[in-house]
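Student: The structure is given below, and queries will be raised subsequently.
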Amino acid sequence: MLVILCPYCGVEAEETELTAGGEAHLERFGPSSSDSEFENYLFMRKNEKGITFERWHHTYGCGKWFHAARCSMTMEIFGTYPAQTSKPPKKLISMIKKKRPEWGEGK
Amino acid sequence: MRKYSVAAIVREALRYNAGWERAWRSPEPKKQYDAVIIGAGGHGLATAYYLGKNHGIKNVAIIEKGWLGGGNTGRNTTIIRSNYLQDSSAAIYEKARSLYETLSQELNYNVMFSPRGVMMLAQTEHEIRGYRRTAHANNLQGVETEFIDPKTVKKLCPIIELSGPRFPVLGALWQPRGGTARHDAVAWGYARACSDMGMDIIQKCEVTDILKSNGKVVGVETTKGVIKTHNLGIIVAGNSSILAEKAGFRLPIESVSLQALVSEPVKPCMDVVVMANTVHGYMSQSDKGEMVIGGGTDGFNNYTQRGSFHHIEETVRALIETFPIISRLKMLRQWGGVVDVTGDRSPIISKTPLEGCFINCGWGTGGFKAIPGSGWAMAETMANGSPSQLASAFSLDRFREGRFIDESVAAGVAH
Ligand SMILES: Cc1cc2nc3c(=O)[nH]c(=O)nc-3n(C[C@H](O)[C@H](O)[C@H](O)COP(=O)(O)OP(=O)(O)OC[C@H]3O[C@@H](n4cnc5c(N)ncnc54)[C@H](O)[C@@H]3O)c2cc1C
Ligand SMILES: [Zn+2]
């Protein structure tokens, strides 16, 4: 069972309290974009084996969306951060790099 | 290859079973092949088999990082059915189901196909309407299914509780020629036939990179060295995104964990497959007597072949409502597989942006049933360099073009 800290209400929430929301920081494209931009936004996913940034919803808690950095091989949660950002915080990135020197960010 | 037969059993019985051969060779890789398949799951092995049998391409290697059949093919709950809503799905799944009917004879290997009938319960008004519609569509597609009433459900499966507290059984979609098969045997049977045609199955060998030149594939780098080819099939289920990245393109796929479990063996009590999509559970009884149970997927990406325990709990809780008789059964084993789920929940059999490189993936929670048909269509696609008729609707560009194959009614649950 994953246990993830909600950055809003500070609750250590169990997986059953949360809803997974998929890949984080997708760039939104609208009707004026090209077909492939729209396709990328809607369907194409990084689906990383290893460190992944994703969205979570504190459904049975404060009801807010937030972000988490997690490893899809070990289930380790590196940290969580609020939804109002288009990229992970620098501090979190450098913490992950320290823990996983072999990690190639942004691949 | 020595044929398996009654005479062979008698012969071997008379000489202490000393004459059985290994079912397939385990060769070292050659430098170059006419075609290379990555992944020795059911889909990879079937593709290789039909490349040889239907198209005469026999200088083929199948490269597997673990052991053959050790991926989702050896982890699934073996439900076989073809009662899909859309014509393109019904065509390929019914092709597969009909090939299963004679697969044991074709491969000279007992895959234990058992067309015992598959029942998908309708437990809401929506499901009734959805399944009636599917039954009509199946009639037009030439797939034999019918919508049956609760009395018939009870007759076909006496251990079912029709008037459960939350979701009473209101009817079912019934496919009499659906059923199960022995999952390992399907992989082993195809592997033996491939090896017999001279193909090389290379196990414990991981593909670590895909080699390209001028936009064309020229080979693969593996833990046993470089292997050259101009015709490459990527057929690796949950690992598809990783190999696609190495080939230089992205996929509309997420890898999630799907779990199953089996009970202690009990006397025969159920001779059909029952799927209850509203409560997320399905069950059948294996020939050994174990109740084989599967449930839903986790919501998050996961490469560990382990899922969340609470999903198993939910599935078992739901099935106890439908089958009160199992409430005191002990469960023997539980496991997970990494399944590859696409944006429209339908599979991909396609050319890719890299010339000479083809991909077969996205079967997600329900591709065991499709193995023979998928291999047939993938082989045709790789042999001709362009999508076969069975495969054309499943191409990668459908996501850009908005040609989705929407099967949410027919496949509301893992299957
Ligand atoms: C619990 C569970 C229950 C299921 N129940 C059903 C069911 O009832 N009915 C049904 O129809 N389907 C079911 N499925 C789905 C079905 O199992 C899959 O769709 C199907 O087996 C996929 O076959 P495959 O050959 O594509 O993949 P796999 O059998 O997973 O084979 C892919 C192979 O590729 C290999 N590979 C990966 N990366 C590399 C690499 N880099 N180099 C070399 N080799 C590599 C893997 O080791 C693996 O052996 C279920 C799945 C699960 C997990
Ligand atoms: Zn919260």
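The values are calculated or read from the model by the stated rules, or taken from the named source; none is laboratory data. Everything numeric here is computed off the predicted structure, so don't read it as measured data. Every residue, glycine among them, receives a Cβ derived from its backbone with ideal geometry; neighbour counts consider all protein chains shown. Please note that ligands, DNA and RNA were not included when accessible areas were found on the heavy atoms of the full protein model with its side chains. Shrake-Rupley method; radii C 1.70, N 1.55, O 1.52, S 1.80 Å.
Student: Which of the residues belonging to region A:1-41 are buried (at least 16 other Cβ atoms within 10 Å of the Cβ) and within 12 Å of chain B (Cβ to nearest Cβ)?
Tutor: A:2, A:4, A:15, A:17, A:18, A:20, A:21, A:23, A:24, A:38, A:39, A:40
Student: What number of residues within region A:78-107 are surrounded by 15 or more Cβ atoms within 10 Å (Cβ to Cβ) and either part of a strand (DSSP E or B) or within 14 Å of chain B (Cβ to nearest Cβ) (or both)?
Tutor: Result for region A:78-107: 4.
Student: Tally time: how many residues in region A:42-57 are within 8 Å of another protein chain (Cβ to nearest Cβ) and open to solvent by 60 Å² or more (accessible area, probe 1.4 Å)?
Tutor: Of the residues in region A:42-57, 3 are within 8 Å of another protein chain (Cβ to nearest Cβ) and open to solvent by 60 Å² or more (accessible area, probe 1.4 Å).
Student: Please count how many residues of region A:8-48 are assigned to a helix (DSSP H, G or I) and under 24 Å from residue B:398 (Cα atoms).
Tutor: Count: 8.
Student: While we're here: With respect to residue B:51, is the statement that it is within 9 Å of ligand 1 (Cβ to nearest atom), at pLDDT 95 or above and closer than 21 Å to residue B:109 by Cβ true?
Tutor: no
Student: If the requirement is being in the same structural domain as residue B:248 (by TED's automatic domain parsing), open to solvent by 20 Å² or more (accessible area, probe 1.4 Å) and away from ligand 2 (no atom under 16 Å from the Cβ), which of these qualifies: B:369, B:330, B:351?
Tutor: B:351
Student: Also, I was wondering about something else. Within region B:286-315, count every residue that is open to solvent by less than 30 Å² (accessible area, probe 1.4 Å) and away from chain A (no Cβ under 14 Å).
Tutor: Summing the residues that are open to solvent by less than 30 Å² (accessible area, probe 1.4 Å) and away from chain A (no Cβ under 14 Å) in region B:286-315 gives 8.
Student: Any residue that is within 14 Å of ligand 1 (Cβ to nearest atom), among the aliphatic types (A, V, I, L, M) and buried (at least 24 other Cβ atoms within 10 Å of the Cβ) - is there at least one of those in region B:122-143?
Tutor: no
Condition check ((1) open to solvent by 70 Å² or more (accessible area, probe 1.4 Å); (2) assigned by TED's automatic domain parsing to the domain that holds residue B:225) across all residues:
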residue	(1), (2)
B:11	yes, no
B:18	yes, no
B:33	no, yes
B:41	no, yes
B:55	no, yes
B:58	yes, yes
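Student: Now, a different point. Can you find even one residue in region A:38-57 that is without any contact (Cβ under 8 Å) to a residue 60 or more places away in the chain and farther than 25 Å from residue B:240 by Cβ?
Tutor: So far as region A:38-57 goes, yes, one or more of its residues are without any contact (Cβ under 8 Å) to a residue 60 or more places away in the chain and farther than 25 Å from residue B:240 by Cβ.
Student: Considering only region B:321-340, I want to know if a residue exists there that is within 14 Å of chain A (Cβ to nearest Cβ), charged (D, E, K, R) and within 30 Å of residue A:45 (Cβ to Cβ).
Tutor: Within region B:321-340 (the criterion being within 14 Å of chain A (Cβ to nearest Cβ), charged (D, E, K, R) and within 30 Å of residue A:45 (Cβ to Cβ)), the answer is yes, since at least one residue qualifies.
Student: Does any residue of region B:394-405 turn out to be modelled with pLDDT of 95 or more, assigned to a loop (DSSP other than H, G, I, E, B) and within 14 Å of ligand 1 (Cβ to nearest atom)?
Tutor: Taking every residue of region B:394-405 in turn, none turns out to be modelled with pLDDT of 95 or more, assigned to a loop (DSSP other than H, G, I, E, B) and within 14 Å of ligand 1 (Cβ to nearest atom).
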